[in-house]
Amino acid sequence: MKNRPTLPGHLLKLKKDLKKKKKLHAPLPPPEARIVQDIENRTSGLNLNNITRTKAYLDFHVKFPEIHWAFLAHMVSRNGGWNMTDLKGGLVGRLLTKNEAEAFFTFLERCNWLIFQDAFPQLLLYEGSRKHGRKLFHLLPHLGVSAFMEAVWNYFWEERDSYTITMGLVVNEQNYLESRVLDNPAFKENVFTSLEFLLQDVLSMNHILFPYSPGGRTELAGLTVHQFEDLEERILIGGKLYKILFKDEERLKRVKEWALANPHTGSRKDYWPNLFNDVEEFMPGSELKPRILACQLVPRAPRIFSPRLQYAWPNQKHPPAEPGDWFTDSDAVHHLLKTEEHIDDDIKTYYCKTLQQLDLAAIAKKAILSRSQPGGEHIITQHLEK
């Protein structure tokens, strides 16, 4: 964060609060200990899989629409589920070995699980504060939440600033993932250094899609994610996604209507049933032929297989989250500044091109993914960039 701009008054105050030395937290009185235990139990019960998490975010936002982050998390979590089922689907699933698919799923699932088990207790504590008519954010450390968020939630309680609490949660979640996932040696070896992950930028597989249905037709807003391993970039992406989702009130209304009308299953059939199906239509032994043109199936072509999550992957047992507070520097507050950057959110054409590339790559799998050929990686990249 070089050449930092001057902070406005409200963020200067927040930065000052972040600099205060935190007191050691004494054991909780029984009523507050019961609040913490109840939040932990409710969070654990909902943190079963991507479907339960995604629904929990939406249910919370319906109750507390001022918490914009909950709806942003719902829509991004939908994309996480689609990425999980893609690994067993009719395009990406044809390009990966079983071990590669399992490694990618473990990575996606761990990220999804970690964010929920850290963020959802914060949402429930806000709900509890509303219920009791007083702020309870001094309980956040007892839930393992960063000191950064205690200050941000206290600020939100006083100011009701939806932008700042949203970006505070974005900054927190991405820093929270940094040491637990991005710096994890197992993920570095099995995911980040693998050929398929490196090719995601070439394949443009990292689309975050926000579907909506004006006039009954499917439209998509969103963004393509690059440089996922860079913390600063991920925070910027979170801010951009928030703006895309909330800047246009009419479109936001339509996205919410779509989300409420279409329960999340993990299948891309949820938003594009003309192109995807959660039942495999491709007959074994049939010849693979190009079947996607300008986001339409060619005549008589089978739809792309996109399974429901419950049939693609079983629920996972997670080890406890690694302890520790990422927050060490009050300059993190600079991430909460508003920017006026123009964002191109017209992703549909770009996404359609990606589907065509993946379709062709699946057909040419043996030639494209042959690692036995000298220069095989170069051949793959050349093919996908055409």
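The values are calculated or read from the model by the stated rules, or taken from the named source; none is laboratory data. All values derive from a computational prediction rather than experimental measurement. Please note: Cβ atoms are built from the backbone with ideal geometry, for glycine as well, and neighbour counts cover all protein chains shown. Calculation scope for accessible area: heavy atoms of the full protein, side chains included, ligands and nucleic acids excluded. Shrake-Rupley method; radii C 1.70, N 1.55, O 1.52, S 1.80 Å.
Close amide-amide hydrogen proximity is noted between ASN262 and no other residue 5 or more places distant or on a separate chain, at a cut-off under 5 Å (H modeled in the peptide plane; Pro and chain starts excluded). The GNM of the chain, with springs linking C-alpha atoms under 10 angstrom apart, assigns the highest mean-square fluctuation among HIS61, HIS142, HIS207 to HIS142. May I ask you to list the residues of the stretch 59-83 whose amide nitrogen lies under 19 Å from a point 7 Å from Cα along the Cα→beta-carbon direction of ARG42? The answer is 59-74, whose backbone nitrogens lie closer than 19 Å to the label point. The three principal axes of the Cα atoms in the stretch 29-131 give end-to-end lengths of 54, 27, 14 Å, sorted in falling order. Would you mind checking which residues have amide H under 5 Å from ILE292's amide H? H placed 1.01 Å from N; only 5 or more apart, or other chain. Under 5 Å from the amide H of ILE292 lie the amide H atoms of VAL298, each far enough along the sequence or on another chain. Which of rounded, prolate, oblate describes the stretch 277-351, given a ≥ b ≥ c as roots of the alpha-carbon gyration tensor eigenvalues and a/c under 1.5 marking rounded, otherwise prolate only if a/b is larger than b/c? It comes out oblate by the Cα gyration axes. Between ASP344 and LYS19, the contour length at 0.36 nm per residue exceeds the alpha carbon distance by 113.3 nm. So for the chain, considering every pair of alpha-carbon atoms, how many percent are separated by more than 38 Å? Pairs farther apart than 38 Å: 21 percent.
Karplus-based coupling profile of the stretch 350-357, in residue order and whole Hz: 5, 5, 4, 5, 4, 4, 5, 4, with θ = phi - 60° in 6.51 cos²θ - 1.76 cosθ + 1.60 and x standing for Gly or Pro. Computed over protein heavy atoms with a 1.4 Å probe, the carbon and sulfur contribution to the accessible area of the chain reaches 54%. Accessible area per residue for the chain, computed on protein heavy atoms with a 1.4 Å probe, is 49 Å².
Computed extension gain for GLU189 through VAL62, at 0.36 nm per residue and net of the alpha carbon distance, reaches 41.7 nm.
Comparing THR164, THR218, THR354 in a Gaussian network model of the chain where C-alpha atoms under 10 Å apart are linked, the largest mean-square fluctuation is found at THR218. Taking 7 Å steps out from each Cα toward its Cβ at GLN227 and GLU280 produces label points 4.0 nm apart.
Residues in the stretch 133-140 carry Karplus couplings, in order, of x, 7, 6, 10, 6, 5, 7, 4 Hz; the curve used is 6.51 cos²θ - 1.76 cosθ + 1.60 with θ = phi - 60°, and Gly or Pro positions show x.
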